[in-house]
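Asker: Have a look at the structure that comes next, please.
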Amino acid sequence: PARKSKTSKDSSSELAVCHMLLAELEAHRCAWPFLTPVNHKAVPGYKKVIKRPMDFSTIKEKLTSNHYLNLETFIADINLVFDNCKKFNEDQSEIGKAGYNMKRFFNKRWTELLQ
Ligand SMILES: Oc1ccc2c(c1)N[C@H](O)CC2
């Protein structure tokens, strides 16, 4: 069967799910390293190593200003937060462990809500 083109209803409910998902991420006990942009002036090496910084407050701003064209671009920014974390932090560091926990939580929730 031909793939149905997405209706505006589908994308507005997807948008509501993105807001809900982001709120759950921000409320998670392990969210603290990811809530606001890293101050790259205060963290040696961060600006050079992390080419595309991303954090939950920036994602919320982009979501509320209709920057995301579709679900995939929203999920890509969420995963960028965790990929940056994995790149910059040791796996067993506090922040490295927080990133791993948040990634597992996000993958579980978006598949429950959107697949
Ligand atoms: O020791 C530190 C100090 C600052 C940061 C990190 C580790 N990791 C974060 O990913 C970026 C900010």
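The values are calculated or read from the model by the stated rules, or taken from the named source; none is laboratory data. Given the structure is predicted, the values throughout are model-derived calculations rather than measurements. FYI the Cβ positions are ideal-geometry reconstructions off the backbone, even for glycines, and counts take in every protein chain you see. The accessibility values were calculated without ligands, DNA or RNA, using every heavy atom of the protein model including side chains. Shrake-Rupley method; radii C 1.70, N 1.55, O 1.52, S 1.80 Å.
Asker: Considering the alpha-carbon set of the chain alone, what are its Rg and its Dmax in angstrom?
Answerer: Reported Rg and Dmax, both Å: 15.3, 55.
Asker: At a threshold of 8 angstrom on Cα-Cα distance, excluding pairs fewer than six apart, so keeping six or more, what relative contact order does the chain reach in percent?
Answerer: Taking the mean separation of contacting Cα pairs over the length of the chain, I get 30 percent.
Asker: With a sphere of radius 14 Å drawn around the Cβ of Gly99, what net charge do the other residues whose Cβ falls strictly inside it have (Lys, Arg +1; Asp, Glu -1)?
Answerer: Local charge sum for Gly99: +1.
Asker: Hey, what number do you get for the chain at 222 nm if only DSSP H runs of n ≥ 4 count, each worth -39500 (n - 2.57), divided across all residues, to the nearest 500?
Answerer: Value at 222 nm, helices only, nearest 500: -20500 deg cm²/dmol.
Asker: Given C-alpha coordinates of region 45-84, what is the ratio Rg to Rh with the Kirkwood estimate of Rh?
Answerer: 1.01
Asker: To continue, here is another question. As I understand it, the value is the acute angle between the Cα axis of helix 94-114 and the longest principal axis of the Cα atoms of the chain; what does it come to in degrees, rounded to 10?
Answerer: The angle comes out near 0 degrees.
Asker: Moving on to the next point. For Lys6, list the lysines whose Cα falls under 29 Å from its own Cα; do not include residues on the same chain fewer than 8 positions away.
Answerer: Lys60, Lys62, Lys103, Lys108
Asker: Quick one: if you stick a label point 7 Å off each Cα along the C-beta vector at Arg104 and Val43, how many nm between them?
Answerer: Distance between label points: 2.2 nm.
Asker: Which order do you get for Ser93, Ser11 if you rank them by accessible area with a 1.4 Å probe, largest at the top?
Answerer: Working: Ser93 35, Ser11 55 Å².
Highest to lowest solvent-accessible surface, that is Ser11, Ser93.
Asker: So which residue, out of His19, His40, His28, gets the largest mean-square fluctuation from a GNM of the chain using Cα contacts under 10 Å as springs?
Answerer: With Cα springs under 10 Å in the chain, the top fluctuation among His19, His40, His28 is at His40.
Asker: Heavy-atom accessible area of Lys60 with all protein chains present, probe 1.4 Å, nearest 10 Å²?
Answerer: 90 Å²
Asker: So, in nm, how far is label Asn70 from label Trp32 when the simple model puts each one 7 Å beyond its Cα toward the Cβ?
Answerer: 3.9 nm
Asker: Using a 1.4 angstrom probe on the protein heavy atoms only, line up Lys103, Lys9 by accessible area, largest first.
Answerer: Values: Lys103 70, Lys9 150 Å².
Order by accessible area, largest first: Lys9, Lys103.
Asker: Could I ask something else about it? Relative to the longest principal Cα axis of the chain, at what angle does helix 8-27 sit, 0 to 90 degrees, rounded to 10?
Answerer: Helix 8-27 sits at roughly 30 degrees to that axis.
Asker: Moving on. GluC sites (Glu not before Pro) within region 1-90: which are DSSP loop residues with at most 13 other Cβ atoms inside 10 Å?
Answerer: Glu90
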